[in-house]
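Data block below; observations after.
The values are calculated or read from the model by the stated rules, or taken from the named source; none is laboratory data. Keep in mind the model is a prediction, meaning the values are calculated, not measured. Quick reminder, even Gly has a Cβ in these numbers, built from the backbone with ideal geometry, and neighbours come from all protein chains shown. Protein only, heavy atoms only, side chains kept; ligands, DNA and RNA dropped before computing areas. Shrake-Rupley method; radii C 1.70, N 1.55, O 1.52, S 1.80 Å.
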Amino acid sequence: KSLNSGVNDMIARKYSAQLSVPAGNDEFARFFRAFNTLMQEEYDLQVANKVQLCLIPAVFPASEEYSMFGSIQLASEIGGDCLDCLRLDDGKIFFMLGDIAGLNVASAFVAAFVKAVSFHWSKEDHPSLCDFIDRIDSMLRHHLRQKLFMGAVCGILNTETSQIELVTRGHLYPLLIHADGTKKWIGQPSYPVGTARQPTRESCIIDFSPGDSLLCISNGFLNPYRNN
């Protein structure tokens, strides 16, 4: 009866539930302890999932000339995608899409570290995109015990000049869609951030015209079995 109740809690995703473990060390006691451990691990994943979703901007910076939107749809409880968009002190708009290798708690919390780095970087005078990428690279290569790498697209939109400064590292290139329907992939070949030391590439500049759009997607968008 107790086990049946626990299974029903699992089906209902009530992972905070725990079974009363029988005394002794027979097969029932060992099974109940293993069940409780599994439920606790799933509960921790639920908490990590909520933390990760809180890192996604609920409101994007408003602009009369530009509209911005982004979303993440996780294929499982935890994913390695991160998304950020915020207004810098000089009025420009910073955006970043990252895809961290793996679908586990480690990759999810690295996404939280990336969010923290972007926040502190954005408060500096004249923040540099290349410097931002170098900081993420240093964190992944030198300050984590578990080696992870990350594909990233980040940019700064200047609404006054209608230009976007863009850096792409080991990620699907953004797609520039002109108002007349013509399209162009924007980017340069490079390794993902955190894999190997590589020369700092200069950012590229995109000139925007009325009606133009820039589409940034992660690799999960193209994967029919795993839509991240």
Contact list, first residue from segment 24-36 and open to solvent by 100 Å² or more (accessible area, probe 1.4 Å), second anywhere and part of a helix (DSSP H, G or I), beta-carbon distance below 9 Å, six or more apart or interchain, is F28/L3; F31/L3
Restricted to segment 1-23 and to residues being without any contact (Cβ under 8 Å) to a residue 24 or more places away in the chain and of a type in the set (D, E, K, R), the residue surrounded by the fewest Cβ atoms within 10 Å (Cβ to Cβ) is K1
